[in-house]
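Student: Below are the structure tokens for one structure; questions will follow.
The values are calculated or read from the model by the stated rules, or taken from the named source; none is laboratory data. Computed from a predicted model, the values in this text were never measured in an experiment. Neighbour counts are summed over all protein chains in view; Cβ atoms, including those assigned to glycine, are modelled from backbone coordinates with ideal geometry. The accessibility values were calculated without ligands, DNA or RNA, using every heavy atom of the protein model including side chains. Shrake-Rupley method; radii C 1.70, N 1.55, O 1.52, S 1.80 Å.
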Amino acid sequence: MTIKMLRQLSENDIQALTTHLDSLTPWLEDDVSNYAKGRKRFWLQHEWDLRNRTFSPALKDERLWTFCKRMMPSADLGLAVYGPVGISLHRDDSYADYRSVGINLGEVDGWVYDCQYPEFRWTRNTNPTNTRNLKLPVGAVFEFNCKNPHAVINPATDRWAIFLWHVGHKFRQAFNAYKEVSNGG
């Protein structure tokens with residue numbers, strides 16, 4: 001399985017979404033990932049702390065999250081990224097279930113993907129390494145296996161993208177406990 005295109009957003013939807021995201025730029029912070037030094041980002045709903053391996057509250061924007069849930073109804077959290085810094089080949093951390101949804105809202109020279117895991121689960125039977133540079137149109141909404149190596153090459157200066165995840169079984173219990181405490185028990 002490679003990347004699956006779910007839909008193509010209309011020019012009006014792209015414009016409305018990027019205008020709304022532009023209004024949220026005060027939330028942007030430097031990305032802490034070693035794979036994306038200098039990239040700007042903010043988490044949606046909940047943040048995954050790479051160092052401490054815990055969840056914490058993040059930006060809750062009803063309009064944006066309603067849109068995100070239409071794109072991935074099972075999403076628990078998301079990440080909005082902005083600007084000209086891409087990300088090198090990586091696999092998403094262990095909080096994330098295999099299936100992820102991406103929303104590309106700007107030009108990129110390429111979206112690199114290596115489909116080693118052919119299904120949305122761990123398997124011993126992996127595909128041989130076959131890294132490909134895919135062209136994603138602006139407005140593409142796509143699903144992919146986030147445990148397969150993936151990267152973004154040379155995003156445009158004003159490019160936004162959103163990535164959505166369902167919390168996987170490895171951290172589901174911790175996520176549910178965190179939500180219980182953060183919602184006041």
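A quick yes/no check of all residues on (1) part of a loop (DSSP other than H, G, I, E, B); (2) in contact (Cβ under 8 Å) with a residue 12 or more places away in the chain; (3) under 29 Å from L28 (Cβ atoms):
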| site | (1), (2), (3) |
| --- | --- |
| F120 | yes, yes, no |
| V138 | yes, yes, yes |
| V152 | no, yes, yes |
| F171 | no, yes, yes |
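Student: For the range 161-176, does any single residue satisfy the condition of being open to solvent by 50 Å² or more (accessible area, probe 1.4 Å) and β-branched (V, I, T)?
Tutor: Taking every residue of the range 161-176 in turn, none turns out to be open to solvent by 50 Å² or more (accessible area, probe 1.4 Å) and β-branched (V, I, T).
Student: For the range 56-74, give me each residue that is buried (at least 21 other Cβ atoms within 10 Å of the Cβ) and part of a loop (DSSP other than H, G, I, E, B). Working first, answer last.
Tutor: Residues of the range 56-74 buried (at least 21 other Cβ atoms within 10 Å of the Cβ): 68, 72.
The one that is buried (at least 21 other Cβ atoms within 10 Å of the Cβ) and part of a loop (DSSP other than H, G, I, E, B): M72.
Student: Is it the case, given these coordinates, that F142 is of a type outside the set (D, E, K, R), assigned to a loop (DSSP other than H, G, I, E, B), over 16 Å from R39 (Cα atoms) and under 18 Å from the mean Cα position of the chain (by Cα)? Give the steps one after another, and end with the answer.
Tutor: Details: of a type outside the set (D, E, K, R): yes; assigned to a loop (DSSP other than H, G, I, E, B): no; over 16 Å from R39 (Cα atoms): yes; under 18 Å from the mean Cα position of the chain (by Cα): yes.
Answer is no for this residue.
Student: May I ask you to say which residue of L21, L50 is within 16 Å of the chain's Cα centre (by Cα) and over 19 Å from V141 (Cα atoms)?
Tutor: Details: L21 fails: over 19 Å from V141 (Cα atoms).
Within the list L21, L50, the selection yields L50.
Student: So which of N34, N12 is surrounded by fewer than 18 Cβ atoms within 10 Å (Cβ to Cβ) and either farther than 18 Å from I103 by Cα or at pLDDT below 95 (or both)?
Tutor: On the way: N12 fails: either farther than 18 Å from I103 by Cα or at pLDDT below 95 (or both).
Just one listed residue meets the conditions, N34.
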